[in-house]
Amino acid sequence: MGADGTLYVGVDYGTTPETGAVVAIIPNGTADTKWWVNTPGAIEASPTVGPDGTVYVGSIDGRFYAFDPTTGSAKWTFDTNTATIKDAGSGLALPTYIHSSAAVSADGKTIYVGVGAFGVGANAGPAAGALYALSDTGRLLWTKWFGNTVESSPVIGPDGTVYIGSWDTKFYAINSDGTEKWHHAFAGQIWGSAAIGGDGTIYVGSIGNDFAALTPTNQVKWQAALTVPGSAAIGADGTVYVGNWTDSSLYALDAAQGTTKWTAQGQPAIGSTPTVRGDGVILAGGEDGSVRAYSPTDGSVLWRYVTGDRVTSAPLIATTPDHGIYFGSWDGHLYALSGNTSPISSYASWPTFQHDASHSGREPPLATSGKLLNISTRGIAGPAANLIVGFVIGGQSAKSLLVRAAGPTLAQFGISAPLADPRFSVQVGTKYTYVSNDNWADNSNATDIVSTSTAIGAFPFSAASKDAAVLWPFPPAQLHSEVVSSATGPAGTVLGEVYDASPNDNSAHLVNLSSRGFVGTGDNVLIAGVIIGGDGPLHVLIRAVGPGLAQYGVTDALAAPTFVVRESTYQTVVGSNTGWMSAGLSGDISAAESLTGAFALTEHDSAAIFTLDPGGYTIMVSGADGGTGEGLVEVYVLPH
């Protein structure tokens with residue numbers, strides 16, 4: 001599927017000799033054909049859509065095509081048939097074929113495709129195969145030859161390494177310049193394509209009764225005894241889903257140990273790569289002509305749709321709003337099933353064949369190079385209300401943090417009723433007060449507070465202000481809560497802040513920031529500002545909790561929280577959510593909560609996963625129904 005929702009389908013006419021076609025279809029309810037291009041050879045590979053929309057696909061006659069997505073005209077064609085591969089007995093050149101789907105580099109400039117060769121003659125030796133690297137203009141960059149044919153599709157790791165298997169029983173890691181990085185010897189031929197996990201682990205198997213998890217440096221993490229495994233998909237929680245031909249079962253394997261979590265047994269042979277939806281459901285095609293939906297909990301079949309022949313293409317979940325399900329069958333039909341509003345998993349590292357709906361074959365760089373640097377939450381505090389800012393430190397050592405409660409100084413920013421005299425205590429869990437402050441200038445390290453505030457960009461406090469602050473080392477792996485109240489006077493607006501005071505120290509880091517306070521209406525909604533630092537993007541889980549607080553004894557919780565995330569500089573809306581189960585990503589959210597240790601939500605709480613680039617963001621929490629009450633906003637760093 002292209003970015004505009006166009007479907008691209010490869011066709012094998014099955015005549016003698018076989019011919020084929022590439023068809024562009026607009027899925028508007030009537031499957032209108034955008035264009036149709038016949039090819040001299042059958043198309044048995046799934047097309048790949050490049051970043052600029054170019055459609056790449058190879059043919060069984062050895063030709064590789066680049067099609068214009070608008071007109072269907074060939075931008076260029078590359079013929080892999082050469083005199084290089086020769087029959088061992090006769091010395092005749094062997095014709096090539098392309099069964100492999102392509103993978104495209106992140107910049108769209110390099111296209112990788114596997115190529116096989118047909119054996120000829122009674123004395124034919126083993127057919128050879130290769131990995132071709134072509135430029136986006138159709139120029140051959142390099143060729144890497146292997147000892148036998150290639151039918152699996154190449155995949156690209158986060159660092160640009162290309163991984164591909166061959167019938168010579170070896171799985172190869174190839175550098176982007178065509179040199180071999182390493183190879184791993186399996187017990188049998190490799191038919192399927194690899195899947196890449198969020199931590200860079202490569203999952204691939206052979207028909208020699210082994211399916212393995214390999215590190216990017218060719219270390220074996222584990223092996224599972226699957227006799228004829230297909231290509232795998234990976235769920236949001238890291239579970240590896242793979243079909244095994246021999247026992248006609250779909251396996252759910254634990255990513256860390258390779259142990260079997262469950263097996264969907266007694267089904268027909270799994271003919272396709274599984275596809276994982278955002279609600280956690282797994283879709284897969286079977287040799288009986290069906291597509292089944294499996295529960296991620298125990299592998300039970302939720303529903304089944306039957307076609308007239310085998311289904312060997314991975315079900316594709318549309319990126320368009322309907323999130324319909326598309327797949328081809330050997331009965332010559334393309335099928336469109338209604339979706340349930342659940343898109344393909346947005347957090348799973350490898351949710352379908354060749355990674356995504358465009359079949360890029362590429363795992364993007366891990367979104368873990370960013371870091372949480374600050375949370376600043378505006379709310380109401382006073383004699384009958386507290387603003388609570390929470391934080392958790394990851395790592396093995398203490399982390400120096402600047403914790404502040406700004407009240408009087410807010411007047412210079414136009415706040416009409418700031419809290420006159422804020423004070424706070426930082427509690428560890430519910431056990432004891434770790435550190436507290438009323439007036440920041442009373443600290444023995446007040447000079448350090450001034451210099452640190454300047455260094456990290458926090459606005460200054462005057463020496464005589466009644467704002468509160470501490471600069472203190474806090475231990476890791478514990479929940480700390482800054483409880484802001486009023487030392488004297490009535491309630492008012494206050495800003496509770498937590499800053500990473502040593503952002504260049506990577507031995508410890510903030511992994512969770514949260515704020516709890518009264519959510520009103522208008523200017524009195526709960527507003528949290530978050531700063532992301534570091535060298536790249538960061539995957540985060542953001543939650544707005546109301547009803548979920550009841551389990552902790554909060555009786556006046558916000559009944560229906562909703563939140564909007566904006567990029568602070570330009571106020572661009574990054575995303576929003578009202579009801580965490582409403583977007584069809586309940587499986588992704590549940591997996592993220594499990595990975596971070598977050599408590600369970602009720603159906604009326606809100607949550608979403610974001611990939612945020614370095615910069616400032618504002619999270620605004622309000623009542624979806626206009627209601628008011630206690631609310632909690634949380635930001636969790638996700639592990640991949």
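The values are calculated or read from the model by the stated rules, or taken from the named source; none is laboratory data. These figures come from a predicted structure and were not determined experimentally. We place every Cβ from the backbone using ideal geometry, glycine too, and count neighbours over all the protein chains shown. For the accessible areas, the whole protein counts, side chains as well, though only heavy atoms, and no ligand, DNA or RNA atoms are used. Shrake-Rupley method; radii C 1.70, N 1.55, O 1.52, S 1.80 Å.
Per residue, how large is the accessible surface of the chain? Use a 1.4 angstrom probe and give square angstrom. If you can, show how the numbers build up before the last one.
Numbers: 24440 Å² over 640 residues.
It amounts to 38 Å² per residue over the chain.
Under 13 Å from the Cβ of GLY379, count the other residues' Cβ atoms, weight Lys and Arg +1, Asp and Glu -1, and hand me the total.
Working: positive: ARG378, ARG516; negative: GLU482, GLU497, ASP523, GLU630.
Taking every Cβ under 13 Å from that of GLY379, the sum is -2.
Excluding residues fewer than 8 places away in the same chain, name every one of the lysines whose C-alpha is closer than 19 Å to that of LYS181.
Qualifying lysines at Cα under 19 Å: LYS144, LYS170, LYS221.
Quick one: Karplus J couplings for the range 368-374, per residue in order, coefficients 6.51, -1.76, 1.60, θ = phi - 60°, nearest Hz, x for Gly and Pro?
10, 8, x, 8, 6, 10, 6
State the Cα centre-to-centre distance between the range 350-414 and the range 175-220 in whole Å.
Comparing the Cα centres of the range 350-414 and the range 175-220, I get a distance of 36 Å.
Determine the relative contact order of the chain: mean sequence separation of Cα pairs under 8 Å and six or more apart, normalised by residue count, in whole percent.
Numbers: 1950 pairs, mean separation 59.4, N = 640.
Reported relative contact order: 9 percent.
Figure the gain on full extension for THR227 and SER300 (residue separation times 0.36 nm, minus the Cα-Cα span) and round it to one decimal in nm. Walk me through the numbers before you get to the answer.
On the way: separation 73, 0.36 × 73 = 26.28 nm, distance 2.23 nm.
Here the segment from THR227 to SER300 would lengthen by 24.0 nm.
Around ILE531, under 12 Å between beta carbons, what's the net of Lys plus Arg minus Asp minus Glu among the other residues? List each step's numbers first, then the result.
Details: positive: LYS371; negative: GLU497, ASP500, GLU567, ASP613.
Summing Lys and Arg as +1 and Asp and Glu as -1 gives -3.
Classify the range 1-77 as rounded, prolate or oblate from the Cα gyration tensor: take a ≥ b ≥ c as the square roots of its eigenvalues, call it rounded if a/c is under 1.5, otherwise prolate when a/b beats b/c and oblate if not. Numbers along the way, then the final one.
Working: a/c = 2.14, a/b = 1.36, b/c = 1.57.
Cα axes put the range 1-77 in the oblate bin.
Could you order TYR434, TYR251 by accessible surface area, starting with the largest, using a probe radius of 1.4 Å? Can you show the working numbers first?
Numbers: TYR434 75, TYR251 30 Å².
Of TYR434, TYR251, the descending order of accessible area is TYR434, TYR251.
Quick check on the range 454-556: take the gyration tensor over C-alpha atoms, sort the square-rooted eigenvalues as a ≥ b ≥ c, and tell me if it's rounded (a/c under 1.5), prolate or oblate.
Note, shape of the range 454-556 comes out oblate.
Against the longest principal axis of the chain, how steep is helix 586-596, in degrees 0 to 90 to the nearest 10, with axes from Cα atoms?
60 degrees
Per-residue ellipticity at 222 nm for the chain, helices alone: DSSP H runs ≥ 4 residues times -39500 (n - 2.57), over residue total, nearest 500 deg cm²/dmol?
Numbers: 2 runs with 22 residues, N = 640.
So the helix-based figure for the chain works out to -1000 deg cm²/dmol.
Please give the peptides 381-393, 170-182 ranked by average Cβ packing (other Cβ atoms within 10 Å per residue), highest first, as a rough proxy for protection. Can you show the working numbers first?
Working: 381-393: 21.0, 170-182: 16.2.
Packing proxy ranking, top to bottom: 381-393, 170-182.
Magnitude of the Cβ-charge dipole of the chain, K/R +1 and D/E -1, about the Cα centre, nearest 20 debye? Intermediate results must be reported in sequence, preceding the final value.
Working: 26 positive and 52 negative charges, 100 e Å.
With Lys and Arg at +1 and Asp and Glu at -1, about 480 debye.
Between (i) 28.4, 98; (ii) 34.5, 114; (iii) 42.3, 139, which matches Rg and Dmax of the Cα atoms in Å calculated for the structure shown?
Evaluating Rg and Dmax of the Cα atoms in Å on these atoms matches (i).
LYS399: which aspartates and glutamates have alpha carbons under 19 Å from its alpha carbon, excluding same-chain residues fewer than 8 sequence positions away?
Of all the aspartates and glutamates, those that pass the test against LYS399 - Cα under 19 Å, at least 8 places apart if same chain - are ASP448, GLU482, GLU497, ASP500, ASP505.
If you place +1 on the Cβ of every Lys and Arg and -1 on the Cβ of every Asp and Glu, how big does the dipole about the Cα centre of the range 240-300 come out, in debye to the nearest 20?
Details: 3 positive and 6 negative charges, 23 e Å.
In debye, rounded to 20, the range 240-300 gives about 120.
Once both labels are modelled 7 Å past Cα along the beta-carbon direction, what's the ASN445-THR341 spacing in nm?
Taking the two extended label points, one gets 5.0 nm.
Please report how far the C-alpha centroid of the range 143-160 lies from that of the range 416-481, rounded to the nearest whole angstrom.
Each part's Cα centre sits 56 Å from the other's.
Could you give the length gained on full extension between LEU141 and ASP4, defined as 0.36 nm per residue of separation minus the Cα-Cα distance, in nm? Spell out each step's value before the answer.
Values: separation 137, 0.36 × 137 = 49.32 nm, distance 3.00 nm.
That works out to 46.3 nm of additional length.
Helix 446-456 against the longest principal axis of the chain: what's the angle in degrees, Cα atoms only, rounded to the nearest 10?
The angle comes out near 30 degrees.
For the peptides 30-38, 4-12, 472-480, what is the packing order when you average, over each peptide's residues, the other Cβ atoms within 10 Å and list the highest mean first?
Working: 30-38: 13.3, 4-12: 18.9, 472-480: 15.8.
Top to bottom by mean Cβ count within 10 Å: 4-12, 472-480, 30-38.
Among 518-530, 270-282, 594-606, how do they line up by average Cβ neighbours within 10 Å per residue, starting with the highest? Before the final figure, lay out each step's value.
Numbers: 518-530: 19.1, 270-282: 25.6, 594-606: 17.1.
Ranked from most to least packed, the peptides come out as 270-282, 518-530, 594-606.
Compute the signed sum of charges (Lys and Arg +1, Asp and Glu -1) over the other residues within less than 11 Å, Cβ to Cβ, of VAL49. Let's see the in-between values first.
Working: positive: none; negative: ASP4, ASP52, ASP356.
Here the count lands on -3.
Would you please classify the overall shape of the range 439-501 from the alpha carbon gyration tensor, given that a ≥ b ≥ c denote the square roots of the eigenvalues, rounded means a/c under 1.5, and beyond that prolate means a/b larger than b/c while oblate covers the rest? Don't jump to the answer; show the numbers that get you there.
On the way: a/c = 1.75, a/b = 1.11, b/c = 1.57.
It is oblate, given that a/c is not under 1.5 and a/b is not larger than b/c.
Measure off, as a whole percent, the carbon and sulfur share of the 1.4 Å-probe accessible area of the chain, all protein chains present. Could you put the intermediate results ahead of the total?
Details: 12990 of 24440 Å².
Result for the chain: 53 percent of the exposed heavy-atom area is carbon or sulfur.
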